Every structure is written in C-alpha cells, then in structure tokens.
Amino acid sequence: MPRRFVTRQTRRMVNDSSAALSRVVAKTGVPDIVDVLADRLSGSDLSTLMLEVSRRRAAAVSPASLLRQYRRDRFVRPAGISPGDLDRCRQLLCSALPRQVELVELAPLAPLGTHAAVATVDQHKVVTTMRGTEVAADPTNGLALEAAVRRGALTEEQRRAADWVRLGAFQRVVRAQAFDGPALFAHFLLFGLVTAGRSTGGRRFEAAALTEHCRFHVDALQAAGADAVEVRLTDFTGQSQQISDAVRATLADTPATSIVDDPDRRSGRGYYDGFCFKVFAHYKGERFEVSDGGAVDWTQRLLQNRKERLVISGAGIERLVSLGLGPDARSAGDA
C-alpha cells in the first residue's frame, strides 16, 4: 500500500489546486462560493445542485467528444494487465490465506471521508463523487469499516467481545494523484487484509495479528516465485520489541527469507500506530516492494472504544504480474 502519505508530489498538487481554485472563484464573481457550497448547503442539497450541473454538462457531450475523452483520460482506460494473469494471482493469494479469513466483495464506493477521516489520506488523492461518496482508493479502508460494524456487534454480546474479525478483499482502486514510472497506473487491483480485535494487554493482540499478516505475505510471495523475500520491521515508538521478536520467531525457519529492522523508515509515521512492516520480493537480481502493513487506530476511533485494535496490510496484485511474478514464475524458473 505505498504512496499513501503526504509527499512532495502531493504538496505540489495542493498548491496547484489552490491557484486554480482562486482563479475559478474570481471567475464566478461570488467570493464566498466555496463556503456556501461546503458549509451552508446540506449534503443532499449539494448533491441536488451538482447532479443538475452534471446533467446539463452530460447533455452537451457528443459521441465524438466522448471518444476523445476516453482516449486521453487515464482514469477510464482499461488496465494493461491480462485478466487471466490477475485471476491466477488472486487464486495464489487465496491459497496462502489463513483459513479464518473471510473474503468479502467490497463496493467500489465508500462514504465521503473514508480515506481522510481515520486514515489521514489527503482528499486530493481520492476521486470524490457528487452523492456524498468517494471512489475506493484502498481496500483496507472499506474493510476497516466492515470490521468495525462486526466488532461493534460482537461487543454488544459481552461473551464474544474478544473474538477476532479477519477480513480480506480484492478491489480495483483509483488514486487521483499522477504517478510517474513503470507499472504505476491510475487504477489497479489491490488485496487488502484486516484483523480486528480487542486489546488483551502487553500488545499481545498486535504481535499475534502482525505475525499472521507477515506470514501470509511471505508465503504468497514465495508461492509467486520470488527468489527471496525480505521483511522490514519498523517500530516508531521503540516499545514493541515483543512484536519484532514474535515475527522473527515465526519466520525464523522460512527458507530464503530475511527479517530486517528498519528504524529509519519515514513513510507511515502518523499513519500507522507504532509498528509497521514492508515486504519486498527479490526477483531476477532486483528488489521490489510488494506489500505494506501495520497497526492502526481506526477501529478505536470508529467505535469510540480505546480497547479496540486493528492490523491492516495490502499487496499490489498488478505489481506482482507486471514484474513477472505469479503462479507460473516458479515453474518457469525450474524449467
């Protein structure tokens, strides 16, 4: 789940949009138009207004102009990845999942603010709709909402308050910022995994859940044909040695797998709640980041319960395919 955080590129986007906004506001002749739309209209009234604006604009679209936009708009063009390759990668990841994980089919939309309210993702990175929703930009956000609903129901039954909720989902997501470089697209397929539960003290829940997530990502990359797998562990608090110890103990006997402390990592600070990890695949002499995860406080805030705990992680499915990794890579290497 890389590129979530505030970057130099994001700051440039914000500055550019601010300049554009000033120009648009001046053009309308209504200096407080943003305040009117953002603060003085209800959500339903704003949707009514914007839907009428869209209806009029859509009525002016000709077939020729529609085709021109389709050709140039990076958000609407098909993915350059074979559906068959994606399906095989889905099956590969499913085969590596712990049996307790329930796969869900997430909606392509999420409530407005899903990525900004708890995950600290800048709204400029998200495609917002006119109906009080936004296009999914990461499956872990939608999974966190579903996990919070299920955990809330469990805590109403005191005898099941400690039960874990494990959910996974494949989701094609859209990111609004422009990416540069190979294998980076406006929309792409991700796999998200979340584990929600209740604190039992001593960060035991986090240690067990993070270990389970790391084990899954390592197993999946090895099944995909990686020559070696590297797990990098970061503790932003300096107080989670037991989590590092648990991950190391679990993966100690895993072939071609290295566990590395990464105390100098900067990305994820303020996003993850103390402890996080990255997983890299070594393949054909190169090293590629494929997976990212850690502990977050989202369910604590969603449920307003300080005892709630959540661990999330994700893997780039199209990254695996584009790098040549996948269910056929191992057999091809052995041929």
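The values are calculated or read from the model by the stated rules, or taken from the named source; none is laboratory data. These figures come from a predicted structure and were not determined experimentally. Please note: Cβ atoms are built from the backbone with ideal geometry, for glycine as well, and neighbour counts cover all protein chains shown.
Within the group GLU134, GLU146, which residue is of a type in the set (Asp, Glu) and part of a helix (DSSP H, G or I)?
Sole residue among the options that is of a type in the set (Asp, Glu) and part of a helix (DSSP H, G or I): GLU146.
Working only within region 79-111, note down all residues that are touching a residue at least 60 places away in the same chain (Cβ under 8 Å), outside any helix (DSSP H, G or I) and hydrophobic (A, V, I, L, M, F, W, C).
ALA79, ILE81, LEU97, VAL101, LEU103, VAL104, LEU106
Return yes when SER313 is modelled with pLDDT of 95 or more and not in a loop (DSSP other than H, G, I, E, B) and no when it is not.
Here the answer is yes, as SER313 does meet what is asked.
Of these, GLU230, GLU156, GLU146, which one is in contact (Cβ under 8 Å) with a residue 40 or more places away in the chain, charged (D, E, K, R) and out of contact with any Phe, Trp or Tyr (no Cβ under 7 Å at 6 or more places or on another chain)?
Exactly one residue qualifies, and that residue is GLU146.
Given THR140, THR128, THR155, which one is surrounded by fewer than 19 Cβ atoms within 10 Å (Cβ to Cβ) and either of a type in the set (A, V, I, L, M, F, W, C) or out of contact with any helix residue (DSSP H, G or I) (no Cβ under 8 Å at 6 or more places or on another chain) (or both)?
Exactly one of THR140, THR128, THR155 is surrounded by fewer than 19 Cβ atoms within 10 Å (Cβ to Cβ) and either of a type in the set (A, V, I, L, M, F, W, C) or out of contact with any helix residue (DSSP H, G or I) (no Cβ under 8 Å at 6 or more places or on another chain) (or both), namely THR128.
List the pairs whose first member sits in region 39-53 and is in contact (Cβ under 8 Å) with a residue 24 or more places away in the chain, whose second member is of a type in the set (Gly, Ala, Ser) and surrounded by 11 or more Cβ atoms within 10 Å (Cβ to Cβ), and whose Cβ atoms are under 7 Å apart, counting only residues at least 6 apart or on separate chains?
GLY43/GLY132; SER47/GLY132
Can you go through THR155, THR140, THR120 and tell me which one is assigned to a loop (DSSP other than H, G, I, E, B), out of contact with any Lys or Arg (no Cβ under 7 Å at 6 or more places or on another chain) and of a type outside the set (Gly, Ala, Ser)?
So the residue among THR155, THR140, THR120 that is assigned to a loop (DSSP other than H, G, I, E, B), out of contact with any Lys or Arg (no Cβ under 7 Å at 6 or more places or on another chain) and of a type outside the set (Gly, Ala, Ser) is THR120.
Where in region 249-306 are there strands (runs of 3 or more DSSP E), lying fully within it, with 1 or more residues that are out of contact with any helix residue (DSSP H, G or I) (no Cβ under 8 Å at 6 or more places or on another chain), of a type in the set (Gly, Ala, Ser) and touching a residue at least 24 places away in the same chain (Cβ under 8 Å)?
Passing ranges, in order: 257-261.
Any idea which of THR234, THR195, THR211 is of a type in the set (S, T, N, Q), surrounded by 18 or more Cβ atoms within 10 Å (Cβ to Cβ) and touching a Cys at 6+ places or on another chain (Cβ under 7 Å)? Give the derivation first.
Working: THR195 fails: touching a Cys at 6+ places or on another chain (Cβ under 7 Å); THR211 fails: touching a Cys at 6+ places or on another chain (Cβ under 7 Å).
One residue alone meets the criteria, THR234.
Of a type outside the set (Asp, Glu) and closer than 17 Å to PHE205 by Cα - does that describe any residue in region 255-270?
No, region 255-270 has no match at all.
Identify, by number, the condition in (1) at positive phi; (2) at pLDDT 95 or above that GLU308 doesn't meet.
(1)
Only one of these is loosely packed, with under 13 Cβ neighbours inside 10 Å, more than 22 Å from HIS217 (Cα to Cα) and modelled with pLDDT under 95: ARG77, ARG55. Name it.
Exactly one residue qualifies, and that residue is ARG55.
Would you check which residues across region 1-23 are modelled with pLDDT of 85 or more and surrounded by 11 or more Cβ atoms within 10 Å (Cβ to Cβ) and list them?
LEU21
Looking at ALA196, ALA209, ALA220, which one is closer than 30 Å to ARG74 by Cβ and in contact (Cβ under 8 Å) with a residue 60 or more places away in the chain? Spell out how you get there, then give the answer.
Numbers: ALA196 fails: closer than 30 Å to ARG74 by Cβ; ALA209 fails: closer than 30 Å to ARG74 by Cβ.
Within the list ALA196, ALA209, ALA220, the selection yields ALA220.
Looking only at region 132-164, count how many residues are under 23 Å from LEU189 (Cα atoms) and either modelled with pLDDT of 95 or more or of a type outside the set (S, T, N, Q) (or both).
Step one: filter region 132-164 for residues under 23 Å from LEU189 (Cα atoms), giving 133-147.
When the remaining residues are screened for being either modelled with pLDDT of 95 or more or of a type outside the set (S, T, N, Q) (or both), the result is 134-147.
The total comes to 14.
Looking at region 218-248, which of its residues are in contact with a helix residue (DSSP H, G or I) (Cβ under 7 Å, 6 or more places away or on another chain) and part of a strand (DSSP E or B)?
VAL229, VAL231, LEU233, ASP235
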